[in-house]
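First comes the structure, then the notes that go with it.
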Number of protein chains: 4
Amino acid sequence: MQWTGVMPAMTTAFHPDLSIDHDFMKQHADWMLRNGCSGLVMLGSLGEGATLNDAEKIAILRNITRSIHGRAPVVAAISSLSTAGAVRLAKEAEQAGCNGLMVLPPYVYSGDWREMRAHVAAILQATPLSCMLYNNPIAYRTDFLPEQIAELAASHENLHAVKESSADLRRVAAIRSLIGDRLSILVGVDDAIVEGIAAGAVGWIAGLVNAFPAESVALFHLARTGKQNEGFELYRWFLPLLRMDTVPKFVQLIKWVQQEVGVGSARVRPPRLELESDELADAHQTLQKALATRPRIAASDFASSVGANA
Amino acid sequence: MQWTGVMPAMTTAFHPDLSIDHDFMKQHADWMLRNGCSGLVMLGSLGEGATLNDAEKIAILRNITRSIHGRAPVVAAISSLSTAGAVRLAKEAEQAGCNGLMVLPPYVYSGDWREMRAHVAAILQATPLSCMLYNNPIAYRTDFLPEQIAELAASHENLHAVKESSADLRRVAAIRSLIGDRLSILVGVDDAIVEGIAAGAVGWIAGLVNAFPAESVALFHLARTGKQNEGFELYRWFLPLLRMDTVPKFVQLIKWVQQEVGVGSARVRPPRLELESDELADAHQTLQKALATRPRIAASDFASSVGANA
Amino acid sequence: MQWTGVMPAMTTAFHPDLSIDHDFMKQHADWMLRNGCSGLVMLGSLGEGATLNDAEKIAILRNITRSIHGRAPVVAAISSLSTAGAVRLAKEAEQAGCNGLMVLPPYVYSGDWREMRAHVAAILQATPLSCMLYNNPIAYRTDFLPEQIAELAASHENLHAVKESSADLRRVAAIRSLIGDRLSILVGVDDAIVEGIAAGAVGWIAGLVNAFPAESVALFHLARTGKQNEGFELYRWFLPLLRMDTVPKFVQLIKWVQQEVGVGSARVRPPRLELESDELADAHQTLQKALATRPRIAASDFASSVGANA
Amino acid sequence: MQWTGVMPAMTTAFHPDLSIDHDFMKQHADWMLRNGCSGLVMLGSLGEGATLNDAEKIAILRNITRSIHGRAPVVAAISSLSTAGAVRLAKEAEQAGCNGLMVLPPYVYSGDWREMRAHVAAILQATPLSCMLYNNPIAYRTDFLPEQIAELAASHENLHAVKESSADLRRVAAIRSLIGDRLSILVGVDDAIVEGIAAGAVGWIAGLVNAFPAESVALFHLARTGKQNEGFELYRWFLPLLRMDTVPKFVQLIKWVQQEVGVGSARVRPPRLELESDELADAHQTLQKALATRPRIAASDFASSVGANA
């Protein structure tokens, strides 16, 4: 599969009773693809993978792979408290028709390189699927250093990409310096995409795209084609929203933005709770300001996708 | 239940295929109680709760509550990625005959006080069991501040104790300053027990006790009765071992020590891997030095417990 | 000299034009000694050593050594941006009649052990004065580990004490485990003195003592003589004030408390600025509550010292 | 003055007795300007400002301003333990003929925004010279946030530039988003220059330029003119050296590299000590590899500058 372009880290939609709203998710996926996204990453941090059980995860994957049927790759995030659990989930994701895997370090325990390498290797070897390593030391404490990523790339043919979400943008050039184009490098933090592309990134695992797919795709392409000035104006407009992706409550914020712009619900599963009081007022102000100055970018309507899937 | 004395954070024993060795666990629990421990805490961090599924957890609780039948309280650690999962586990632990619960913040997500309070409250309200809050900001990122602990104590009658595992020993006096004896304060880091007792702690959720119960109980009682000089000599001897409890590989280290002194196996579930090379040599040196200078303390033999349970 | 008891980290008093108020400092020093303090530490962090030039430092030392003339040891903090500057200051402090030195790591640069050892060694060798190493990794980034402190003690006969201001109280027992009573251990954070004494500390380099010397000395002696319950009530009363010693604005807070209780001025040199608005209101509330419930402890009046020195 | 291009954070050369080698510094400055540098920043972190006294600082400034006489701007770093000291130094730097000031937060004390703003404002108001604010929260703990930088820009007409040395490259776009081109943004960490330019930086306060000026200038211009592929090959070659600028021993490393390539001495003032053993071997390996694959870039010889100044 191709690890390029704008791939949403898709949110998971819930009914009022917090069961999964598969119908909405189909429409949401379709809408983002119609607006130029190049694939879908399911069950990630933003997808609230941590509060979904395995049966729910597989149901989500089956629903999306069926509804997309081949229009774009579907990627499953593989995260678990144990190596055994991660391997089992990887195999089930393959059975569910996924095209690729996003491989996370274990939840909670962050061990030394020998342990983390063994965990990742077990997932990589569990299926023949194309894999992307996910490096997010802030969220998961395990930091896959450029040298370690190079070591994994040398040992695992089906490792094809790396998602860099350390806040240290120097990592993109560091990985590329070591292994050239052996791995596709994707940026995993919304508010560093332009800088990441300048350093050699070819894709974006994005968050606000769940609410603003056309703007996200437009920004990405301006940056990829070196149109700096035009790109900077769009980036400047988008940044206050994109920064919602890099704070602890990014799930609550992005789902709330989706709800406000009419594409989804703000519902989250506990321990996360929906925004309240000051933080809600702040988010409101940021969003209102963005909507008032929203650039005109041709976009496919969400409503039309309802009909398309009816 | 009484939240005092030395309560092991009990390790979980595995067969070579990494299934649970319930027979050994019975003997191990019995042996620690015969050596003066005042209760047992199951499924905690040291008990590898993160890699046990719920069915395994309940099987462990049933096995121990049955085998102990009332000689001492059995406490279940309640930890989960989701609030719903934590509540379900709490209810099942009650059904399994536990006497108390150790309440953890959620795995992975560390939210604000409103969210963390809601998570903890849901567990506290799930059963009428006596509860101990577990504060370990290093491991779980959520830091329950003294003022927040006081707020929980005021709202939840069945919150009876707090286990302090922040490395900041000033927290013991801070909690006691706020709420006097409303909560029993227990120390959760092995290498700060003497200082914790001086500040008002009345119990110890201990780690090395899994291998050295008689020494742990003796140290605790010397500290509780103000025998500082005698206590210091024992502490000085014990500290290099006790420090094994406060490093990321504490599970591997303590289980390895158990194996070396003949009470258990070093086996752990991945992503944890057993010790190797330099770290193993260091542990070996520390243990050999301790064994060569081990103080004479009357202890009940592990072997005799085999007969007792046969 | 004896490194025991309660030794104030003395504040530096300023006239309205921020020049040094030597007259007040004499009275202040005398008052603290009359209330049971066992020595005086000049020019430390709390003494605003960083904004005093060398001439001012020597003037302060001369003034205090003369006015105290031998009633108690006077210690000079030796801190500098360069090793050469620290050595020069140490020699001048000796000339000024000091009895001991408090040796700090360099300002700004925190190097490896080889570099920090060389810096400290140069100061220790600069004079034959009795020295206390000051470990405060939070303020100065350099963390002198127990093993390194043991190495310095083995190499330098005139190193007689260590002031532990890492927030990690386990360090006291760790140092004592390694070197027994080779060094006197003094606690350098106000709000951990009782725990520190329990672990073996014999002295206190204190902050709030500048405003509450009788209470500080009473607390210290209760803790040293194992009177835990009586001591705890006093500690509970004192803790909200003592915590003012362990926040970034400790200088502003302690000098403001001095001013409020009638023994000094809140004036500080920039870049520090005096407290304002919310932080001032908070400090006011804490102090009022403490004054309203102040325990009755026999104390020598500040006013009487004015006469004594007149 | 123009705050653009490659401006060396110039090292300070020492004789064997660690007094300042003014003759060498003249040649060194001349050589870097002949190789395309656009100005000189004196007395910074890399210039060991912390171990120079004020008289030495002024002597250095006089020497360089005289020897350069107007060929390029000379900038003085203003750093001090006290606000009063910083203001005095700023005025003396103006007297010494400097064209601009680089304004640092105070050494050691990092206060709140009110305090840090007052410190910076005092320096900005001390002279009419063009000023660049230096943000380096890793070295100095004070983090000037984009909003605070915007506030300073609005209040101080002679604030013309900001040097961003937080490792967080998102700051460049954040500042530019807030204030457009009101301030020139310069990158202050060597190994992020290409990414910084992509985000809108127009200058580089550089470190390895002290040894490799032609390569630094070439890299900068490739990045500024959007020649990504050519630029990446040079960046890849240069990065292992550039990373020497962003570790605690950057002064020792860069001066050692200067010595190895024949333009200076590795001598540093304590508490810094010259490299030894493993760290020296590592540096040697990195440098040898770089020299063996050094790209051909037209450069002006160091030797020729000796003649020029003779």
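The values are calculated or read from the model by the stated rules, or taken from the named source; none is laboratory data. Small disclaimer: the values here were computed from a predicted structure and weren't measured. With ideal geometry, Cβ positions are generated from the backbone for all residues, glycine too; neighbour counts draw on all protein chains shown. Just so you know, the surface numbers come from the protein's heavy atoms only, side chains and all, with ligands and any DNA or RNA stripped out. Shrake-Rupley method; radii C 1.70, N 1.55, O 1.52, S 1.80 Å.
What to note about this one:
- Between identical copies, the spacing of B:GLU56 label points, each set 7 Å from Cα toward the C-beta atom, reads 2.2, 6.2, 6.4 nm from nearest to farthest.
- Shielding by partners - mean other protein chain Cβ count within 10 Å, residues of C:170-178: 4
- Volume of the convex hull of region D:164-310 (Cα atoms only), normalised per residue: 142 Å³.
- Binned Cα-Cα distances of region D:10-140, short to long, each 10 Å bin given as a whole percent: 13, 46, 32, 9, 0
- Relative to the other identical copies, A:PRO137 shows label-point distances of 1.6, 1.8, 2.2 nm, where the label point lies 7 Å from Cα along the Cβ direction and values run shortest first.
- Region D:121-169 shape via C-alpha gyration tensor axes, a/c threshold 1.5: prolate
- Label point distance in nm, A:ALA292-D:ALA299, each placed 7 Å from Cα along Cα→Cβ: 5.4 nm
- Cross-link pairs exceeding 23 Å in C-alpha to C-alpha distance, out of D:LYS26/D:LYS227; A:LYS57/A:LYS255; B:LYS26/B:LYS255; B:LYS289/C:LYS163; C:LYS227/C:LYS289; B:LYS26/B:LYS163, comprise D:LYS26/D:LYS227; B:LYS289/C:LYS163; C:LYS227/C:LYS289; B:LYS26/B:LYS163.
- Taking all pairs of distinct alpha-carbon atoms in region A:140-197, Kirkwood radius in angstrom: 11.6 Å
- One Cα centroid belongs to region C:1-52, the other to region D:1-76; the line between them spans 41 Å.
- For A:THR225, label point 7 Å along C-beta direction: distances to other copies, nm: 2.4, 8.4, 8.6
- With helices as the sole contributors, chain D gives -14500 deg cm²/dmol at 222 nm; each DSSP H run of n ≥ 4 counts as -39500 (n - 2.57), and the sum is divided by every residue.
- Whole-number D in µm²/s for region A:132-238 (Stokes-Einstein; Kirkwood sum over Cα pairs; 4 °C, 1.567 mPa s): 91 µm²/s
- Cα centroid of region D:138-163 to Cα centroid of region B:116-161, whole Å: 42 Å
- Of A:THR293, B:THR83, the residue with the largest accessible area leads and the full order is A:THR293, B:THR83 (1.4 Å probe).
- Quarter of Cα convex hull surface for region D:86-147, i.e. mean projection, nm²: 4.3 nm²
- Within the assembled protein chains, the solvent-accessible surface assigned to A:GLU56 is about 40 Å², based on a 1.4 Å probe.
- For region A:26-92, the dipole from Cβ point charges (+1 on Lys and Arg, -1 on Asp and Glu) about the Cα centre works out to 240 debye, to the nearest 20.
- Our Cα-only numbers for region B:1-64 put the radius of gyration and Dmax at 11.7, 37 Å.
- One way to sum up the overall shape of the protein assembly as shown is the equivalent ellipsoid from its Cα gyration tensor, whose semi-axes run 47, 46, 29 Å, largest first.
- Taken over the C-alpha atoms, chain D has Rg and Dmax values of 18.2, 51 angstrom.
- Rounded to the nearest 20 debye, the dipole magnitude of the protein assembly as shown is 0 debye, with +1 charges on Lys and Arg beta carbons, -1 on Asp and Glu beta carbons, and the Cα centre as origin.
- Interatomic Cα distance distribution for region D:231-298, bins of 10 angstrom, percent: 19, 53, 23, 4
- Looking at region A:196-298, none of the chymotrypsin sites (Phe, Trp or Tyr not before Pro) sits in a DSSP loop with at most 10 other Cβ atoms within 10 Å of its own Cβ.
- Inter-part distance where region B:241-292 and region A:205-229 are each reduced to a Cα centre, Å: 50 Å
- C:ARG114 paired with A:GLN95, simple spin-label distance in nm, labels 7 Å along Cα-to-beta-carbon: 5.8 nm
- B from D by rotation - nearest chain D beta carbon to the axis, in Å: D:ASP278, 8
- C:GLU157/B:ILE138 FRET efficiency (R0 35 Å; Cβ-Cβ; nearest 0.05): 0.35
- Each Lys and Arg adds +1 at its Cβ and each Asp and Glu adds -1 at its Cβ; summed about the Cα centre, region B:120-236 shows a dipole of about 80 debye.
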